[in-house]
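Undergrad: Below you will find the structure I want to go over with you.
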Amino acid sequence: MNKPKFVYYDDDRVSHIDYDICSIAIHRTDEGIVVDIWEPHFEGGEPVASTWAHENELTNP
């Protein structure tokens with residue numbers, strides 16, 4: 001397996017991780033975090049999988 005390539009875009013609040021079998025985007029939103037997974041180099045279409053977590057689920061009370 002190839003090592004992942006990490007790219008962080010500060011202005012977009014998104015981090016990209018590219019593996020040989022998939023591309024992953026981690027988005028920081030006003031509500032929390034969204035993670036999308038695509039086929040390699042297929043960002044822009046519908047993700048194969050997606051999940052999210054609200055900020056209140058991620059912070060300690």
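Undergrad: Loop by DSSP (not H, G, I, E, B), at most 16 other beta-carbon atoms within 10 Å: where is the longest site-free stretch of the chain for chymotrypsin sites (Phe, Trp or Tyr not before Pro)?
TA: 20-41
Undergrad: Ignoring ligands, DNA and RNA, how do GLU57, GLU46, GLU39 rank by accessible area with a 1.4 Å probe, largest first?
TA: GLU46, GLU57, GLU39
Undergrad: So if we plug the beta-carbon distance of THR51 and ASP12 into 1/(1 + (r/R0)^6) with R0 = 22 Å, what FRET efficiency do we get, rounded to 0.05?
TA: 0.70
Undergrad: Could you sort SER15, SER23, SER50 by accessible area so the largest value comes first, with the probe set to 1.4 Å?
TA: Ranked from most to least accessible, the order is SER50, SER15, SER23.
Undergrad: How much mean residue ellipticity at 222 nm does the chain get from its helices, if each DSSP H run of length 4 or more adds -39500 (n - 2.57) and you divide by all residues, to the nearest 500 deg cm²/dmol?
TA: For the chain, the value works out to -1000 deg cm²/dmol.
The values are calculated or read from the model by the stated rules, or taken from the named source; none is laboratory data. This is a predicted model, so every value here is computed, not measured. Glycine also receives a Cβ, built like all others from the backbone with ideal geometry; neighbour counts cover every protein chain displayed. Accessible surface areas use protein heavy atoms only, side chains included; no ligands, DNA or RNA. Shrake-Rupley method; radii C 1.70, N 1.55, O 1.52, S 1.80 Å.
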